[in-house]
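Take a look at the structure set out below.
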There are 2 protein chains.
Amino acid sequence: MARDVARRAGVSTATVSRVLNGFAGVRADKREAVMRAAQDLGFVANGAARALSTRRFMAVGAVVPNIENEAFVRVLSSVQDRLRQAGYTLVAANAGYDLEDELREATFLLERGVDGLMLVGDIHHPDLYARIARSGIPMVQTFSLSRVHSCVGFDNAASAARAANYLMDLGHRRIGVISGLRKDNDRGGARVIGIAQALAARGLRLAPEHDIEISYGIGGGRDGFRQMLAGGLPPTAIICGTDQIAFGAMIEARARGLSVPGDLSVIGHNDSDFAPFLDPPLTTIRIHSAEIGHAAGDHLIARIQGRPVVRLTEIDAELILRASTAPPRRAAD
Amino acid sequence: MARDVARRAGVSTATVSRVLNGFAGVRADKREAVMRAAQDLGFVANGAARALSTRRFMAVGAVVPNIENEAFVRVLSSVQDRLRQAGYTLVAANAGYDLEDELREATFLLERGVDGLMLVGDIHHPDLYARIARSGIPMVQTFSLSRVHSCVGFDNAASAARAANYLMDLGHRRIGVISGLRKDNDRGGARVIGIAQALAARGLRLAPEHDIEISYGIGGGRDGFRQMLAGGLPPTAIICGTDQIAFGAMIEARARGLSVPGDLSVIGHNDSDFAPFLDPPLTTIRIHSAEIGHAAGDHLIARIQGRPVVRLTEIDAELILRASTAPPRRAAD
DNA sequence: ACGGCTTCTGAAAGCGCTTTCAGATAGCCA
DNA sequence: TGGCTATCTGAAAGCGCTTTCAGAAGCCGT
C-alpha cells in the first residue's frame with residue numbers, strides 16, 4: 001500500500017516512509033506530495049509490517065486478576081493513559097486469580113509481541129518469569145512491593161496493620177478479617193498477616209474463627225460475616241478485603257440487628273465510588289490505583305525507550321476515616 | 001527464530017511452521033523432533049511476522065464509551081471470552097462519550113491491524129464508517145439496534161417505555177428522568193424519548209424540569225435529583241440512566257426526608273451487583289451485557305472466518321422488580 | 001562554470017513467518 | 001524389482017514496511 005502512495009506521489013516507498021514517520025530531510029515539495037497522496041488514498045500503514053521491520057510492536061500487555069474489579073479497571077485505564085501519550089496501545093487480559101491461567105494469558109500476549117508487560121502482585125508462575133526474561137521485554141509488577149522485580153505498589157501488610165492499629169487504638173480487642181481468595185494472591189495474604197502481626201504486637205490474636213476467606217463481591221461479604229458469627233464470640237470490628245465485601249458484611253450485620261458502628265466497626269479496602277455513600281459511610285484503605293497505573297506506565301515506557309528508572313516505586317495506601325468505625329460499646333470488651 | 005528450531009530439529013522452516021500450526025501431513029518423527037526443539041528453545045513465534053504473512057492479526061478491537069462502567073466492562077470480558085476460544089485477542093480502548101475521541105481510538109486500532117471491531121451504539125463519526133469500510137474488516141455495534149449496521153442489542157426506547165408504563169400502571173403521573181450525558185449517546189437519548197412517548201401515549205408529559213441530564217456516577221445522581229426538586233412540583237417516580245445514578249438519587253431523597261418508595265419510586269438501569277442490596281432493593285432494567293458480548297464476539301468471529309451471520313441480534317433488556325417502586329401515596333397525585 | 005560539499009532520494013536488503021510448487025521419498029501393485 | 005501414485009519436504013517467494021548505502025541533485029564559493 002505504501003507503494004501506491006509512492007507511485008501517486010512520484011517518489012519511492014523509502015521517501016513515503018520517511019515522511020509518514022516524521023523524519024527530517026525530505027524536501028518540502030515531496031513531503032507535501034506524499035502527504036496529499038496518503039490523504040487521498042486514505043492510507044493506513046500496516047502495523048504488522050511495521051512491527052516486523054522495526055521490531056517494535058508499540059503495544060504493552062497487562063494481566064490483571066479480575067477485570068471487573070474497580071481497582072484493576074482503574075489501573076488499566078491509567079496505564080493506558082500514559083501509554084497512549086507515548087503512542088503505545090494497551091492490551092489487557094484477565095487471569096482470574098490463577099497462576100496457570102495467568103501464565104497462559106501472559107504467554108498469549110508475549111506471542112503477540114508486546115513491548116512490555118504489567119502484572120499484578122509478586123507471585124507468578126516460575127515459567128512466566130523465565131519467558132519474560134527470554135523475551136527480553138521490561139516487566140513491572142503492581143499493587144505490592146517486591147524484593148527483586150520492578151514494582152509500583154505499597155506494603156499491603158503495613159497498610160492493613162495500620163488499620164488494625166487504628167481499631168485497637170479505638171479500644172477494639174476482638175478484630176476479624178474477611179478477605180477475598182488468598183490463593184495465588186500475595187496482596188490478600190499479606191494483609192491478613194499484617195493484621196495478625198499488629199494484633200500480636202499488642203498481645204492479641206487473630207482467632208481462626210475470625211479469619212474468613214471468601215470469594216469476592218457483596219454476596220461474599222454477607223456470607224463471610226455470617227460465617228464469622230457462627231464461630232463463637234463475635235468480633236467488635238472487622239477489616240475487609242474490598243469495599244464490596246465490607247458492604248456485604250454491613251448488610252448482614254444490619255440483618256442480624258447489629259448496628260454499625262455501634263456493635264461493629266467495619267473497614268474496607270479501595271475506597272470505591274460508593275464507599276462514602278454507604279450507611280454509615282465506610283472507613284476504608286484507599287489504594288491509589290490511578291497513581292499506580294501512571295507510575296507503572298511511565299516505568300514501562302521509560303525502559304522500552306532505554307531510559308533509566310528506579311526499580312521500586314512506593315505509592316502508599318491511605319486510611320480514610322469515615323463513620324463506619326467507632327470505639328466498641330464497652331471499651332473493655 | 002523458527003530457523004533455530006528448524007536447524008535443531010534438522011528440518012526446514014516450512015516444516016516447523018507446519019508442525020507448529022497443526023498442519024497434517026508431517027511424518028510423526030519429524031513432528032516430534034520439531035516439537036522437542038521448539039520446547040527446548042522456548043520458541044515463541046513472532047506475531048508480527050505471522051500477521052504479516054497470513055494477513056491475519058488475530059486480534060479484534062473494541063471501543064467503549066467508558067471502561068469504568070460496569071456494563072461495558074462486562075461486555076468486554078464476555079467478548080474476550082469468545083475471542084479467546086477462537087484464538088483471538090481483544091484490544092480495548094476508551095472513547096469517553098466523544099465521537100472525535102472514538103474516531104481517534106478506533107483509527108489507532110485499525111492501524112494496528114485488528115481483524116474486527118466492536119463499537120457501542122449507533123452514532124459514530126462519519127469518517128469512522130468510511131475507514132472501517134476501507135479497511136474491509138467486520139464491525140458490530142452493541143447495546144442498541146441499527147437500521148443498517150450489524151448490531152447486537154436492544155430497543156432502548158422500548159425498554160425505557162416499559163419502565164414508564166409500569167410506573168404509570170402503579171398510578172404514577174409525575175415521572176422524572178435522570179440520565180447520563182446524552183450527547184453522542186444514542187442509548188441515553190433513546191431512553192428519554194421512549195419514556196416521553198410512553199407518557200404522551202397516556203396523555204401525560206415529561207416536564208422539562210423533570211428531565212435532567214448529568215454526568216455519570218453516584219454524585220451525579222445526587223446532584224440530578226437535587227436539581228429536579230428545585231423545579232416545582234416534585235415527581236413521584238424517577239427513572240435513572242444507571243443504578244449508580246439511582247443510588248445517588250435515593251441518597252439525596254433520603255437526605256431530604258423523602259422515603260423510597262413511599263414518596264418516590266426509583267428505577268435504575270443495568271442491574272449492577274449492588275442493586276439488590278440497596279435499601280430498598282432497586283427496581284432496575286437489567287441489560288444482559290454478558291449475552292450481548294458473547295453474541296457480538298460470535299458475530300465477529302463468524303464474519304472473520306467467512307461464515308454467514310444475521311445482521312441484527314436482539315437481546316432484550318428486562319425489568320427487574322424490587323422494592324424501590326410502589327404506587328404513589330395518593331394514587332390521584 | 002566547475003569542483004567539492006551537503007542534502008536528498010531510491011534501490012535493495014532485510015524483518016521472521018507462511019505457503020506454494022516442484023522435487024524427493026515412500027508405498028504399492030504387478 | 002520396476003513403475004506409478006500418494007505423501008512428505010525444502011527452496012524460495014512473498015507479506016508491507018523500514019533503513020542502509022551509494023549515487024543524484026542542489027548549493028556554494030571562487
Looking at A:L103, A:L52, A:L99, A:L119, which is the one that is aliphatic (A, V, I, L, M), open to solvent by 30 Å² or more (accessible area, probe 1.4 Å) and more than 11 Å from chain B (Cβ to nearest Cβ)? A:L99
Would you point out the residue of segment B:13-31, among those that are within 7 Å of DNA strand C (Cβ to nearest atom) and in contact with a helix residue (DSSP H, G or I) (Cβ under 8 Å, 6 or more places away or on another chain), that is nearest to the other protein chains (Cβ to nearest Cβ)? B:L20
In the list B:G219, B:G232, which residue meets the criterion of being farther than 29 Å from B:G153 by Cα and surrounded by fewer than 24 Cβ atoms within 10 Å (Cβ to Cβ)? B:G232
List the pairs whose first member sits in segment A:1-25 and is over 15 Å from A:A45 (Cα atoms) and open to solvent by less than 60 Å² (accessible area, probe 1.4 Å), whose second member is near DNA strand C (Cβ under 10 Å from one of its atoms) and in a loop (DSSP other than H, G, I, E, B), and whose Cβ atoms are under 9 Å apart, counting only residues at least 6 apart or on separate chains? A:V11/A:V26
Out of segment A:282-306, which residues are in a helix (DSSP H, G or I) and hydroxyl-bearing (S, T, Y)? A:S289
Of those in segment A:66-76 that are open to solvent by 40 Å² or more (accessible area, probe 1.4 Å) and touching a Ser or Thr at 6+ places or on another chain (Cβ under 6 Å), the residue nearest to A:G153 (Cα to Cα) is A:R74
Taking the residues in segment B:261-314 that are among the aliphatic types (A, V, I, L, M) and within 14 Å of chain A (Cβ to nearest Cβ) as candidates, determine which candidate is surrounded by the fewest Cβ atoms within 10 Å (Cβ to Cβ). B:A290
If A:L128 satisfies all but one of (1) open to solvent by less than 10 Å² (accessible area, probe 1.4 Å); (2) not assigned by TED's automatic domain parsing to the domain that holds A:T107, what's the number of the condition it fails? (2)
Would you say B:D243 is of a type in the set (D, E, K, R) and in the same structural domain as B:A86 (by TED's automatic domain parsing)? no
Can you tell me which residue in segment A:77-91 is farthest from DNA strand C (Cβ to nearest atom), limited to those that are open to solvent by 10 Å² or more (accessible area, probe 1.4 Å) and in contact (Cβ under 8 Å) with a residue 60 or more places away in the chain? A:S77
I need a count of the residues in segment B:265-281 that are of a type in the set (A, V, I, L, M, F, W, C) and part of a strand (DSSP E or B). 2
Sole exception among (1) within 10 Å of chain A (Cβ to nearest Cβ); (2) part of a strand (DSSP E or B); (3) not hydrophobic (A, V, I, L, M, F, W, C) for B:Q141, by number: (1)
I'd like to check something: does segment A:32-46 contain any residue that is without any contact (Cβ under 8 Å) to a residue 24 or more places away in the chain, within 11 Å of DNA strand C (Cβ to nearest atom) and not assigned by TED's automatic domain parsing to the domain that holds A:A295? yes
Filtered residues of segment A:198-216 (kept if surrounded by 18 or more Cβ atoms within 10 Å (Cβ to Cβ) and assigned to a helix (DSSP H, G or I)): A:A198, A:L199, A:H210
Do we have any residue at all in segment A:172-183 that's in contact (Cβ under 8 Å) with a residue 40 or more places away in the chain, assigned to a loop (DSSP other than H, G, I, E, B) and open to solvent by less than 30 Å² (accessible area, probe 1.4 Å)? yes
Among (1) more than 9 Å from DNA strand C (Cβ to nearest atom); (2) over 23 Å from A:L128 (Cβ atoms), where does A:A95 come up short? (2)
Pick from segment B:106-115, criterion within 8 Å of chain A (Cβ to nearest Cβ) and within 12 Å of B:M58 (Cα to Cα), ranking: modelled with the highest pLDDT: B:G113
Matching residues, segment A:129-138, being outside any loop (DSSP other than H, G, I, E, B) and either within 12 Å of chain B (Cβ to nearest Cβ) or farther than 27 Å from B:D40 by Cβ (or both): A:A130, A:R131, A:I132, A:A133, A:R134, A:S135
Residue within segment B:108-119 that is touching a residue at least 12 places away in the same chain (Cβ under 8 Å), out of contact with any Cys (no Cβ under 7 Å at 6 or more places or on another chain), outside any loop (DSSP other than H, G, I, E, B) and among the β-branched types (V, I, T) present: no
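Okay, residues lined up against (1) of a type in the set (S, T, N, Q); (2) under 30 Å from B:V79 (Cα atoms); (3) without any contact (Cβ under 8 Å) to a residue 12 or more places away in the chain:
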position: B:T236; (1), (2), (3): yes, no, no
position: B:I285; (1), (2), (3): no, yes, no
position: B:L300; (1), (2), (3): no, yes, no
position: B:V310; (1), (2), (3): no, yes, yes
position: B:E314; (1), (2), (3): no, yes, no
The correct count of residues that are under 42 Å from the mean Cα position of the chain (by Cα) and either at positive phi or surrounded by 14 or more Cβ atoms within 10 Å (Cβ to Cβ) (or both) in segment B:26-40 is 2
Those residues of segment A:106-116 which are open to solvent by less than 10 Å² (accessible area, probe 1.4 Å) and within 16 Å of B:G42 (Cβ to Cβ) amount to A:A106, A:L109
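The values are calculated or read from the model by the stated rules, or taken from the named source; none is laboratory data. Just so it is clear, the model here is predicted, and its values are computed rather than measured. With ideal geometry, Cβ positions are generated from the backbone for all residues, glycine too; neighbour counts draw on all protein chains shown. Just so you know, the surface numbers come from the protein's heavy atoms only, side chains and all, with ligands and any DNA or RNA stripped out. Shrake-Rupley method; radii C 1.70, N 1.55, O 1.52, S 1.80 Å.
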